[in-house]
Amino acid sequence: MNKTVKNLLQVVAAIGVIAVATLVNCHLKMRPGSHLTFCKSHLKDIGTAMEAYSTDFSEKYPSNLDQLVPKYLKALPECEAAGKVSYKLYTGQGPANNPGYEDYYYLECHGQNHSDSGIRGHYPAYDGISGLLERP
Ligand SMILES: [Zn+2]
């Protein structure tokens with residue numbers, strides 16, 4: 001084998017190693033579990049903003065998530081699994097507010113965004129009483 005062909009094969013092998021390493025790295029970043037971790041973190045951030053808002057508005061929660069922007073949140077976060085802002089807010093009386101609290105909110109990642117993590121329904125969710133709810 002002449003030297004030029006040998007050098008060429010070495011370069012091709014090196015490119016192959018880099019390509020495989022890049023693919024593995026992308027795959028790790030896109031694990032469904034990491035989407036879920038980010039989503040739960042977004043819910044906690046929105047929950048913290050809800051509490052800050054209620055402190056400023058005589059213990060009342062906003063009726064719409066847009067009321068949190070930009071003072072309490074720079075922007076509404078996107079759920080990475082949904083690829084969009086998927087968070088839905090429920091306040092006041094309703095099916096989620098089972099005990100009938102006067103001031104209550106329930107936040108959910110709306111849609112079947114985390115079914116690849118084994119989570120069905122509009123979860124994870126977060127409420128002002130229980131905190132983070134991963135499953136029903
Ligand atoms: Zn989500």
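Structure notes:
- Filtered residues of segment 81-106 (kept if more than 20 Å from the chain's Cα centre (by Cα) and not in a loop (DSSP other than H, G, I, E, B)): Thr91
- Unmet requirement for Pro70, which otherwise passes all of (1) at pLDDT 95 or above; (2) more than 16 Å from the ligand (Cβ to nearest atom); (3) surrounded by fewer than 17 Cβ atoms within 10 Å (Cβ to Cβ); (4) assigned to a helix (DSSP H, G or I): (4)
- Residue in segment 43-52 that is more than 16 Å from the ligand (Cβ to nearest atom), out of contact with any strand residue (DSSP E or B) (no Cβ under 8 Å at 6 or more places or on another chain) and not small (Gly, Ala, Ser) present: yes
- Single residue of segment 1-34 satisfying the filter (of a type in the set (Ser, Thr, Tyr) and modelled with pLDDT of 75 or more) that is nearest to Ala81 (Cα to Cα): Ser34
- Every test in (1) out of contact with any strand residue (DSSP E or B) (no Cβ under 6 Å at 6 or more places or on another chain); (2) in contact (Cβ under 8 Å) with a residue 24 or more places away in the chain; (3) not aromatic (Phe, Trp, Tyr) is passed by Val69 save one, and that test is (2).
- Number of residues in segment 36-64 that are among the hydrophobic types (A, V, I, L, M, F, W, C) and in contact (Cβ under 8 Å) with a residue 40 or more places away in the chain equals 6.
The values are calculated or read from the model by the stated rules, or taken from the named source; none is laboratory data. What you see is a predicted model, and the numbers here were worked out from it, not measured in a lab. Note that we place each Cβ from the backbone using ideal geometry, even for glycine, and neighbour counts take in every protein chain shown.
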